[in-house]
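Colleague: Once you've had a glance at the structure underneath, I'll fire off some questions.
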Amino acid sequence: MLETNILGMKLSNPLFLAAGILGTTAGSMKMVARSNAGGIVTKSFSLEANDGYENPTIVKIEGGVINSVGLASPGVDAKIEELKDLEEIRSQTPVIASIYGDSEEVFCEVAQRTKDYVDAFELNVSCPHAKCGFGSNIGEDPQMTYNIVKAVKDEIKDTPIIAKLTPNVTDIIEIATSAEDAGADALTLINSVGPGLRIDYKTARPILNNVFGGIAGPMIKPIALKCVYKTYDAVDIPIFGVGGIRDYKDALEFLYAGASLLQIGTSIMYEGVEIFDKISKDLEVFLQENGYNNIEEIIGLSHRL
């Protein structure tokens, strides 16, 4: 009932691990696969290793976290070894590589070197706390977004390309349609909101080493839903909904808004990796009890009522 086939990926359910959470090692990603995730998005990586910012890099807030890890990651050579170790799970749990860079050439080289080990690429053009020579400025500009997506799509013709977009723009539809026009096969909505800030009340100093960071978790769900809802009517490609999904009711809201697939990240902090299995089972019960035959029947339902 939850099975679907999108972007050439055969999925047992529409729930993916979001980039940045537990996607750092092959071992952690295998653990997520065993927890009944439909698919996995790796933590973002690029051509060269990136140390990111020094601790503290994450602070809890009401309804989520502020994160300023700074895209800490190994370089592509080390990541390839991790991806090779995931070959045994890819037939059941597709793997999407989240990649970033400061130029078209870097994005293309990373994709070219890893294309044989993944099922799709998610282009991170929208991180609000990057320490790598670029940030969300790429995803805030429709022309820059177009150029990056087109370059990678031209380079990697047979592997699906997903553009992960920032909500921190005046008109997300303009960015989304630019990505689609450039050849994106799907969109991920949204990356972190912000950046935001927390200050220690005792010392009067910012808590995060980098001062500012991206806001994630349940508190950003209304913003993510708005972006999915608005974009659904403007594009003809699938949408990954991400931002604050904590239970099956949250998942249903994103599906109703127009998301075909979902990603879960920060909520693992609250519910553990068991969240994938729980939401999948609860979704299936809901569909059965309400007379639906499959998940496709409810995608975009809010637009048809």
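The values are calculated or read from the model by the stated rules, or taken from the named source; none is laboratory data. All values derive from a computational prediction rather than experimental measurement. Cβ sites come from the backbone with ideal geometry, for glycine too, and all protein chains shown count toward neighbours. Accessible surface areas use protein heavy atoms only, side chains included; no ligands, DNA or RNA. Shrake-Rupley method; radii C 1.70, N 1.55, O 1.52, S 1.80 Å.
Colleague: Taking Cα pairs under 8 Å and at least six residues apart, what relative contact order does region 179-244 come out at, in percent?
Modeller: 45
Colleague: Restricting the count to DSSP beta bridges whose residues both fall in the chain, what percent are antiparallel, rounded to a multiple of 5?
Modeller: Bridges in the chain that DSSP calls antiparallel: roughly 35 percent.
Colleague: If amide hydrogens are placed 1.01 Å from N in the peptide plane, which non-local residues have theirs closer than 5 Å to the one on GLY194?
Modeller: ILE215
Colleague: Kindly report the accessible area of region 143-285 per residue (heavy atoms of protein chains, probe 1.4 Å, no ligands, DNA or RNA), in Å².
Modeller: Numbers: 5930 Å² over 143 residues.
Normalised by residue count, the accessible surface of region 143-285 is 41 Å².
Colleague: Counting Lys and Arg as +1 and Asp and Glu as -1, each charge on the Cβ, what is the dipole of region 147-223 about the Cα centre in debye, to the nearest 20? Show your work: numbers first, answer last.
Modeller: Values: 8 positive and 9 negative charges, 121 e Å.
For region 147-223, the charge dipole is close to 580 debye.
Colleague: Turning to a different aspect of this structure: Taking amide H positions as placed in the peptide plane 1.01 Å from N, state which residues far from LEU71 in sequence (5 or more) or on other chains have amide H under 5 Å from it.
Modeller: Under 5 Å from the amide H of LEU71 lie the amide H atoms of LYS131, each far enough along the sequence or on another chain.
Colleague: When the Kirkwood hydrodynamic radius is evaluated over all pairs of different C-alpha atoms of the chain, what value in angstrom, to one decimal, is obtained?
Modeller: Details: mean 1/r = 0.0525 Å⁻¹.
For the chain, the Kirkwood estimate is 19.1 Å.
Colleague: Below 15 angstrom from the Cβ of ASP282, what's the summed charge of the other residues (Lys, Arg +1; Asp, Glu -1)?
Modeller: Numbers: positive: ARG246, LYS249, LYS278, LYS281; negative: ASP247, ASP250, GLU253, GLU271, GLU274, ASP277, GLU284, GLU289.
After counting each charged neighbour, the total is -4.
Colleague: Name the residues whose placed amide hydrogens come within less than 5 Å of the amide hydrogen of GLY23, ignoring near sequence neighbours (fewer than 5 apart) on the same chain.
Modeller: Those qualifying (amide H under 5 Å, at least 5 residues apart or on another chain) are LYS43.
Colleague: So, one more: Can you find, among TYR232, GLY258, PRO206, the residue farthest towards the positive end of the dipole of region 205-284? Put +1 on the C-beta of Lys and Arg, -1 on that of Asp and Glu.
Modeller: PRO206
Colleague: Still on this structure, I have one more. How large is ³J(HN,Hα), in whole Hz, for each residue of region 147-157 in order, when computed from phi with the Karplus curve 6.51 cos²θ - 1.76 cosθ + 1.60 and θ = phi - 60°, using x for Gly and Pro?
Modeller: Per-residue couplings from phi come out as 5, 5, 4, 5, 4, 5, 5, 5, 6, 10, 6 Hz.
Colleague: Per-residue ellipticity at 222 nm for the chain, helices alone: DSSP H runs ≥ 4 residues times -39500 (n - 2.57), over residue total, nearest 500 deg cm²/dmol? Write down the numbers at each step before the final one.
Modeller: Details: 9 runs with 94 residues, N = 305.
Here the helix-only value at 222 nm equals -9000 deg cm²/dmol.
Colleague: Relative contact order for region 86-223: what percent, with Cα pairs under 8 Å and sequence separation of 6 or more? Kindly include the intermediate steps, with their values, before the conclusion.
Modeller: Values: 236 pairs, mean separation 28.6, N = 138.
Over region 86-223, the number comes to 21 percent.
Colleague: When the Cα centres of region 58-87 and region 1-29 are compared, how far apart do they sit, in Å?
Modeller: The two parts, judged by their Cα centres, are 16 Å apart.
Colleague: Sorting check: for 265-276, 159-170, which peptide has the highest mean count of neighbouring beta carbons within 10 Å, and how do the rest follow? Write out the running numbers ahead of the final one.
Modeller: Working: 265-276: 18.2, 159-170: 23.0.
Packing order, densest peptide first, comes out as 159-170, 265-276.
Colleague: Which log10 I(q)/I(0) values does region 218-305 give at q = 0.10, 0.14, 0.15 Å⁻¹ under the Debye formula, counting every alpha carbon as one identical point scatterer?
Modeller: -0.23, -0.46, -0.53
Colleague: Sticking with this structure for a sec: Mind listing the phi-derived Karplus ³J(HN,Hα) values for region 269-286, rounded to whole Hz, using 6.51, -1.76 and 1.60 with θ = phi - 60°, and x for any glycine or proline?
Modeller: 4, 8, 10, x, 5, 5, 4, 5, 5, 5, 5, 4, 5, 5, 5, 5, 4, 4
Colleague: Charges at C-beta only: +1 for Lys and Arg, -1 for Asp and Glu. How large is the resulting dipole of region 17-75 about its Cα centre, in Debye rounded to 20?
Modeller: 340
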